[in-house]
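Nothing in this text is a laboratory measurement; each read-out follows from the coordinates by a stated rule. Since this is a predicted model, take the numbers as computed values, not measurements. Methodologically, a virtual Cβ is constructed for each residue, glycine included, from the backbone with ideal geometry; neighbour enumeration extends over all protein chains shown.
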Amino acid sequence: MPQEFNLKPLLICKIVNLVPYICFYYIWYDTPPEDTIPLVFPELEQQLQPLPPCHDSVESMQVYKQHCQIAEEYREVKKEIALLEERKKELIAKLDQAEKEKLDAAQLAREFEALTEENRTLKLAQSQCVEQLEKLRIQYQKRQGSS
């Protein structure tokens, strides 16, 4: 007779459509087969999925609603973590680029200083050559005038 008792509620559930089949499955057995639990949040692991409530129990419905809210919050937090990890990658890339540019700028500054010093040295050498050339020109003109 217990089988008859178990079948009647299932038949009523299907006819009236008040309580899904899975609810009775859950009540009668400690753990329903995993493939019979509908995935309310498909991205959540199976053990984190909210179990379907017993619609006859207010407490079961409340627990189910709380579990769904927590699962939704969990999903949002995971989404936010993913966005923050992506932002972290972007910021690390920007930091690497800035450090590279900083090194490039420092290298350019050193090159500029070296070239400025070389320019100063060359200008000094040029002015000394111009002076020496002028002295030689004067000496040459003196020799030309005395001969």
Query raised in the report: How much length is gained if the chain between residue 41 and residue 108 is pulled fully straight, taking 0.36 nm per residue apart and subtracting their Cα-Cα distance, in nm to one decimal?
Result: 18.6 nm
Query raised in the report: What does the charge count near residue 108 come to, summing +1 for each Lys or Arg and -1 for each Asp or Glu among other residues with Cβ under 11 Å from its Cβ?
Result: -2
Report task. Just tell me which lysines come within less than 26 Å, Cα to Cα, of residue 65; anything on the same chain fewer than 8 places away is out. Result -> 14, 78, 79
Requested in this report: Run the quick spin-label model on residue 58 and residue 132: label points 7 Å from Cα toward the beta carbon, then report their separation in nm to one decimal.
Outcome: 10.9 nm
